[in-house]
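The values are calculated or read from the model by the stated rules, or taken from the named source; none is laboratory data. Because the structure is a prediction, the values reported are computed rather than measured. Glycine also receives a Cβ, built like all others from the backbone with ideal geometry; neighbour counts cover every protein chain displayed.
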């Protein structure tokens, strides 16, 4: 039976790259026997500006019960004050579906894209397991006496034993299953008392994986070492906020956000797959957007759904295009968004 996929293009660049992803999925489904039934949803700024509704009531339950995966473009539109719709849609999906793992592979596809002297494909290949449903992105807190000299702004960070442990366990399990040797915790337990929970839990889970090397670094030192010695890292587990920062650093080490994929996962819920470049309103609609992050994100989705051969073929097609310079301008090429898709399709 065909697996059911929800497509949410969103806004700006998200709409562009989703169009290209559908072209790739057409080819993948025909060539590799991938059985997917796709349904599109118009959740984004246009709908929100017309109706005042970002995502209809009950939609999360529909995604949870009736769909096997969600492929997401990007949300964000300068016409919406405070990007309210973006928060309701994207964070609503992550929190509502309890997608507690934000999985971010950071793998250099070609040595020429490395910004680090003497560091290439062999040295830059790690993944980040970012906690995705707690931390400081929960909306708890607020502003008191706004606009006065006594203004007070508070943001609460939430860390639960359940949330911390399941994220760390996911990182160790993935490392073991994928032949990685080292798992590193990034926290700030020397300055933030609540992070002692992360360090203690990490040590307890690490004891169950004696075949893996478990290391701990404070987040500032970890960021520095990622630049100095990226080869020291296989799997990183960290908080929501720190993971958000580290994964952009990881994108910078591997060629930029234009080739940075992500997945938000929970084995008991409907996974969400999303390129992390955002809606890019400054270049959206001009044929300049790099669709490769979406293609690599699509490959993550295919692998999660059990189509390993198709996923690997798509990853290799992207990698070969990068090596041949068949890219958009952000990677040094001259091709348009659709021309990059043409190149990937030809290699598939």
Problem set entry | Answer from 152, 113, 167, 109 - the residue that is farther than 13 Å from residue 236 by Cα and surrounded by 21 or more Cβ atoms within 10 Å (Cβ to Cβ) | 109
Exercise. Given 236, 192, which one is in the same structural domain as residue 140 (by TED's automatic domain parsing) and more than 23 Å from the chain's Cα centre (by Cα)?
Worked result: 192
Exercise. Got at least one residue in the stretch 176-186 being surrounded by fewer than 16 Cβ atoms within 10 Å (Cβ to Cβ), closer than 23 Å to residue 124 by Cα, touching a helix residue (DSSP H, G or I) at 6+ places or on another chain (Cβ under 9 Å) and not assigned by TED's automatic domain parsing to the domain that holds residue 277?
Worked result: yes
Exercise. Restricting to the stretch 332-343, what's the tally of residues that are assigned to a helix (DSSP H, G or I), in contact (Cβ under 8 Å) with a residue 40 or more places away in the chain and within 15 Å of residue 110 (Cβ to Cβ)?
Worked result: 1
For this session: Could you list, in sequence order, all residues of the stretch 178-198 that are in contact with a strand residue (DSSP E or B) (Cβ under 6 Å, 6 or more places away or on another chain) and part of a helix (DSSP H, G or I)?
Result: 195, 198
For this session: Starting from residues that are at pLDDT 95 or above, touching a helix residue (DSSP H, G or I) at 6+ places or on another chain (Cβ under 7 Å) and over 22 Å from residue 323 (Cα atoms), keep the ones in the stretch 280-310 and report whichever is surrounded by the fewest Cβ atoms within 10 Å (Cβ to Cβ).
Result: 303
Exercise. Is the stretch 322-340 home to any residue that is within 30 Å of residue 157 (Cβ to Cβ) and surrounded by 22 or more Cβ atoms within 10 Å (Cβ to Cβ)?
Worked result: no
Seminar exercise, completed: Residue hits (the stretch 299-313; touching a residue at least 24 places away in the same chain (Cβ under 8 Å) and in a loop (DSSP other than H, G, I, E, B)) are 305, 307
Exercise. In the same structural domain as residue 11 (by TED's automatic domain parsing), assigned to a loop (DSSP other than H, G, I, E, B), within 24 Å of residue 10 (Cα to Cα) and out of contact with any strand residue (DSSP E or B) (no Cβ under 9 Å at 6 or more places or on another chain) - does that describe any residue in the stretch 270-281?
Worked result: yes
Problem set entry | Set 23, 47: member being surrounded by 15 or more Cβ atoms within 10 Å (Cβ to Cβ), assigned by TED's automatic domain parsing to the domain that holds residue 267 and over 24 Å from the mean Cα position of the chain (by Cα) | 47
Exercise. Which residues, taken from the stretch 59-95, are modelled with pLDDT of 95 or more and more than 17 Å from residue 278 (Cα to Cα)?
Worked result: 59, 60, 61, 62, 63, 64, 65, 66, 67, 68, 69
Seminar exercise, completed: So the strands (runs of 3 or more DSSP E) completely within the stretch 91-177 holding 3 or more residues that are within 20 Å of residue 296 (Cβ to Cβ) are 101-107, 125-131
Exercise. Which of (1) within 14 Å of the chain's Cα centre (by Cα); (2) part of a helix (DSSP H, G or I); (3) more than 20 Å from residue 174 (Cβ to Cβ); (4) not assigned by TED's automatic domain parsing to the domain that holds residue 171 is the odd one out, the single condition residue 248 does not satisfy?
Worked result: (4)
For this session: Inspect all residues belonging to the stretch 60-72 and state whether any of them is surrounded by fewer than 16 Cβ atoms within 10 Å (Cβ to Cβ), closer than 24 Å to residue 166 by Cβ and without any contact (Cβ under 8 Å) to a residue 40 or more places away in the chain.
Result: yes
